[in-house]
Amino acid sequence: MIDVHTWTTGNSRKIPIFLEEAQVPYRLHMVNIRTGEQFKPEFVAICPNSKVPAIVDQDGPGGKPFALFESGAILIYLGDKTGKLLPKEGEKRYRVIEWLMWQMGGPGPMLGQVHHFVKYNKGKAPYAEERYLKEGHRLYKVLNTRLEGREFVADRYSIADIAIWPWISRFEWQTIDLKQYPNVKRWYETIAARPAVQKGYKVPKDMGPVPMP
Ligand SMILES: N[C@@H](CCC(=O)N[C@@H](CS)C(=O)NCC(=O)O)C(=O)O
């Protein structure tokens, strides 16, 4: 049993989307980051960084409970544990990890800033709005180029797609028109149609349908 500590955010949704796809049973623990629950000692004991998501695998290495934070690390762990959505070795494995790390260092933090300045605090910091939106568009362009003539970012549907997709699902918040990036749009729609994505998107609670361009 995997305990998932989560909230209704892009980084959080990666984990239920993986677990639904891999058909792994899990238990939910809501961490309301709006009311500061991420700073409660019981959550800090699992995630010293006070950010969602985090998991506790009750049957971790050595059969003992194992706590893990950082969504990229969690996806690699779950991919290895289940043997699903992450190749075991060789070039294909490193391609998946490469694009997973691209998401962790690029779209995650940069589009996060776009949400902050362009959606939630519009007009307060024009320099930041311009800087992060420009970087956001650059990242969409990188993804669009990568997806030219290819169905998924690596060889097959993988934890890299699962990590990137929830950030693209906020295209409206980001004021980004997916029609400008036709390969991203096609990839986004293909993944959105997966039953596990539809289900995982609504965890830990239903915030409305998956946004469609
Ligand atoms: N690199 C981390 C980022 C996690 C993160 O930024 N989580 C946000 C929600 S998406 C959070 O918990 N924010 C609460 C806060 O900043 O206090 C990961 O991918 O797990």
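The values are calculated or read from the model by the stated rules, or taken from the named source; none is laboratory data. Since we're looking at a predicted model, the values are computed, not measured. When we count neighbours, we look across all protein chains shown, and the Cβ atoms used for this are built from the backbone with ideal geometry, even at glycine.
Observations on the structure shown:
- Among the residues making up the stretch 183-195, those that are in a helix (DSSP H, G or I) and either within 25 Å of Leu139 (Cβ to Cβ) or modelled with pLDDT under 95 (or both) are Asn183, Val184, Lys185, Arg186, Trp187, Tyr188, Glu189, Thr190, Ile191, Ala192.
- Test result for Asp3, buried (at least 17 other Cβ atoms within 10 Å of the Cβ), under 21 Å from Leu85 (Cβ atoms) and either within 10 Å of the ligand (Cβ to nearest atom) or not β-branched (Val, Ile, Thr) (or both): yes
- Test result for Ala22, surrounded by fewer than 22 Cβ atoms within 10 Å (Cβ to Cβ), in contact with a Leu (Cβ under 7 Å, 6 or more places away or on another chain) and hydrophobic (A, V, I, L, M, F, W, C): yes
- Restricting attention to the stretch 91-115, the residues that are of a type outside the set (A, V, I, L, M), within 16 Å of the ligand (Cβ to nearest atom) and out of contact with any Phe, Trp or Tyr (no Cβ under 8 Å at 6 or more places or on another chain) total 6.
- Annotation note: of Lys134, Lys119, Lys179, Lys141, the sole residue that is free of Cβ contacts under 8 Å to residues at least 12 places away in the same chain and more than 18 Å from the chain's Cα centre (by Cα) is Lys134.
- Across the stretch 34-90, the qualifying residues are those that are among the aliphatic types (A, V, I, L, M) and without any contact (Cβ under 8 Å) to a residue 12 or more places away in the chain, and the one among them that is farthest from the ligand (Cβ to nearest atom) is Val44.
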